[in-house]
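Reading through the structure tokens given below for one structure.
The values are calculated or read from the model by the stated rules, or taken from the named source; none is laboratory data. In this text, all values refer to a predicted model and were calculated from it rather than measured experimentally. Every residue, glycine as well, gets a Cβ built from its backbone with ideal geometry; the counts of neighbours run over all protein chains shown.
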Amino acid sequence: MSLASFFNTFAPQKSATSLAEKVRSGIAGGVAIMLLALVLYASPQPEFPLLLLGSMAASAVLLFAAPHSPFAQPWNLVGGHLFSALAGWACSLLIPDQVLAAGMAVGTAIVLMHYLNCLHPPGGATALTLVLAAGQFHEMGWQWVAVIVTANTFISLVLALVINNILPGRSYPSRPAAPIPPTQEPRVIPEQEDIQWALAQMDSVIDISAADLSLIYDKAQAHAQARLDSNLKK
């Protein structure tokens, strides 16, 4: 790769999302955080406050700006925050050095989310929060910390289910695509410009570039052809 090509990779990728959809995403995310805060503060708080976690703002970006992303789906949201919180809590208790605990908490959270198929990037922030604010959270005790994380997560999920399904052109959670029946007719192979056009028609942030989508399509087509050739030889 040439030096010019390398620096070109730093250039922003133009989004095909319409201005209206961008504005809707911003309003939806802002309203959701405001409602989350109101519900938390209005809930019964017998001993310690139901804190609004900063990582919920990062979740709001995914839930309302990229609701079709695999990272934004309900299991990713719930599992991502809960298991990351567990990693952060354990590391804050077991590792005295805060710097080491922070790294271990985020690393462990990533492994857990990968292993449990609930990768949700804001979960790493939840794990880190429990380490950086360990003094306050340890005073509260694990039961109340669990209540805080669970309340933040499930209220955010309810808001995502309601708001995203009210907005036009959205459906949350994402539904699996219907299987395409096999056909013997010759098929036109889409090129990258066709994929870019299709992405523009979605009018939503799709968490993959047109180039990567083209590469996935090419690999899938090659795999399908290899499978067909193998079946014909039998």
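Applying the selection to region 160-188, what residues are touching a helix residue (DSSP H, G or I) at 6+ places or on another chain (Cβ under 6 Å), under 15 Å from Trp75 (Cα atoms) and either modelled with pLDDT of 95 or more or basic (Lys, Arg) (or both)?
Ala160, the sole residue that qualifies.
Among the residues of region 43-80 satisfying the criterion of being assigned to a loop (DSSP other than H, G, I, E, B) and among the hydroxyl-bearing types (Ser, Thr, Tyr), which is surrounded by the fewest Cβ atoms within 10 Å (Cβ to Cβ)?
Ser43
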